[in-house]
Amino acid sequence: MAPNNSPATPATGTGADPAPVPAPVSACCSPGRRTTPEGGVRVPRGRARGGATGLVTLPGGAFRMGTDHADRFESDGEGPVREVRLSPFRIAATTVTNTQFARFVKETAYLTDAERFGWSYVFHLLASPAARRAAPPAADRTPWWLAVDGACWRAPEGPGSTVGDRQNHPVVHVSHNDALAFCAWAGARLPTEAEWEYAARGGLDQARYPWGDELTPRGAHRCNIWQGAFPHHNTLADGYPGTAPVKSYRPNGFGLWNVAGNVWEWCADWFGVDHPAAPLTDPAGPPEGTDRVIKGGSYLCHDSYCNRYRVGARSRNTPDSSTGNTGFRVAADASNGA
Ligand SMILES: [Ca+2]
């Protein structure tokens, strides 16, 4: 596919003798592991509880999903534009934070995929000098992704790093499997891609961004992406080299924060590029697949290189993959009081 920004995860290893890292599934957006799934989601120990606070109830109805704009990535299946109808549902105003994920881990002793594999993908400029020397890059096409031993949600840049000053930032280095485990504990679920996009559009019809068609209206940054020459020089004009707090900038018309940029967000759907032309009601994506949909783009997306922070854009990764630029937000049925 066209380059985007996040890798998939290589074979299981102890970290002492890392296996060769295969070519990423989604080259620049989200490099990924390419391993055999190990039985899907592990149900965490402990009791389920309503941890999904901050849900916004949306009325659903009809909206136009996808984009036919000239700058779309056609091979990503961004188009054609199709009318979709949704039942009312609830979705979190923000992505899950480090504080929220820590509570889940404390109550369940859950171990993320990154912790079980012993490593995760870190953007090269965020990794420590030692990690840069030691970690193999994801692939020749995406040398900015390093497979760092010990990188995980609580140590996003590897051993020695912490989330101590990032409690209100999105949790990262969480796989689709991890996101589903959190949802099971929280009494919630992941949004479908259609729900995510409807919510991200904030009531605007076919706008490029959640706030309109201009990236920086009146010169103001509205999302956390990359400015400068990717992947070596980030001017930080928007204020953040990596993740930003989940309530940065302004919410969209539905009260959702940071749906564009910051971190890619896992959706429930399997990834496919062929969309039915007929009117759709509550679509849930293909019945099977190898990759899950991610939406929203991340702090690594650049206007001239990978503009997948557009609301119609999409990408993918394998369910056990984890990176420093992928997180998730939860959703629920309208009848669910979680
Ligand atoms: Ca930034």
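What to note about this one:
- Heavy atoms of the protein chains alone define the surface here; on that basis the range 279-338 has 31 Å² accessible area per residue at 1.4 Å probe size.
- Neighbour net charge for F271 - beta-carbon separation under 13 angstrom, K R +1, D E -1: -3
- Modelled FRET efficiency - R0 25 Å, Y305 with E214, Cβ distances, 0.05 increments: 0.85
- A 1.4 Å probe, protein heavy atoms only, puts the accessible area of F123 near 0 Å².
- Using alpha carbons only: equivalent-ellipsoid semi-axes of the range 125-175, gyration tensor based, whole Å: 21, 12, 9
- Stretchable slack from D165 to K247, in nm (0.36 nm times residue separation minus alpha-carbon distance): 28.0 nm
- Point-to-point label distance, N336-H233, nm (Cα→Cβ direction, 7 Å offset): 4.7 nm
- Think of the range 62-187 as a dipole: +1 on every Lys or Arg Cβ, -1 on every Asp or Glu Cβ, centred on the Cα centre; then among S175, F101, V81, F101 lies furthest on the positive end.
- Carbon-plus-sulfur accessible fraction, the range 90-242 (probe radius 1.4 Å, protein heavy atoms only): 55%.
- Taking the 1.4 Å solvent-accessible surface of the range 296-338 as the whole, the part contributed by carbon and sulfur is 42%.
The values are calculated or read from the model by the stated rules, or taken from the named source; none is laboratory data. Values in this document were obtained by computation on a predicted structure and should not be read as measured data. FYI the Cβ positions are ideal-geometry reconstructions off the backbone, even for glycines, and counts take in every protein chain you see. Surface accessibility is based on the protein's heavy atoms, side chains included, excluding ligands, DNA and RNA. Shrake-Rupley method; radii C 1.70, N 1.55, O 1.52, S 1.80 Å.
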